Amino acid sequence: MDSLFNTEFALGHMNYWLFVILMMTGLYIVVARGNLLKKIVGLNLFQVAVFMLYISMGKVAGGTAPILVDNPDQAYSNPLPHVLILTAIVVGIATTSLGLALIVRINETYGTIEEDEVLDIDHDMYSAEVAEMEKFKLMNAETR
């Protein structure tokens with residue numbers, strides 16, 4: 001008996017290997033990068049990997065388009081994964097455009113698209129607001 005993992009098996013499932021590589025690359029970019037634009041790119045890589053997986057699972061070896069012909073033994077590819085992916089592509093484009101629009105607004109407001117810098121600016125603004133509230137409470141307490 002041949003070993004369970006051989007070259008023919010690995011090359012025959014190349015699309016699944018590419019799926020894993022793309023998905024892990026996208027996940028790494030989303031988790032490890034602080035730049036919001038890079039996070040959007042990582043999400044898109046992750047999304048493309050999922051598209052590849054669904055399309056790969058929907059393809060039947062030797063299958064044709066699901067159109068009835070005279071041959072009853074003809075194998076057909078399932079069209080449902082392809083239709084779902086078309087819908088997912090539209091949703092992905094909308095999500096990406098919304099994310100990019102939010103990044104533009106964040107850049108206009110904070111002057112940066114680095115996540116750490118935005119969080120630091122937010123923390124400083126919150127601390128200033130709390131200090132001002134405390135000052136206001138003290139002034140009100142003195143006037144009573």
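Derivation of every value follows stated rules applied to the coordinates shown; laboratory data play no part. These numbers come from a predicted model, not from an experiment. Cβ coordinates were reconstructed from backbone atoms using ideal geometry, including for glycine residues, and neighbour counts include every protein chain displayed.
On C-alpha positions alone, give me the angle between the axis of helix 80-110 and the longest principal axis of the chain, in degrees, nearest 10. Approximately 20 degrees, to the nearest ten. The Rg/Rh ratio of the stretch 62-144, with both radii computed over alpha carbons and Rh defined as the Kirkwood radius, is 1.54. Which angle from 0 to 90°, rounded to the nearest 10, does the C-alpha axis of helix 14-32 make with the longest principal axis of the chain? Once rounded, the angle reads 0 degrees.
In this structure the amide hydrogen of Tyr76, modeled in the peptide plane, comes within under 5 Å of the amide hydrogens of Thr64, none closer than 5 places in sequence on its chain. Once you have the Kirkwood Rh of the chain from its Cα pairs, apply Stokes-Einstein at 25 °C and 0.890 mPa s and quote D in µm²/s. This corresponds to a translational diffusion coefficient of 122 µm²/s. Close amide H partners of Asn35, meaning residues 5 or more places away or on another chain with modelled amide H under 5 Å apart, are Glu115. In this calculation the C-beta distance from Ile93 to Thr143 is compared with R0 = 41 Å, giving a FRET efficiency of 0.10. Going by alpha carbons, how many degrees (0 to 90, nearest 10) lie between the helix axis of 36-58 and the longest principal axis of the chain? For 36-58 against the chain, the angle is about 20 degrees.
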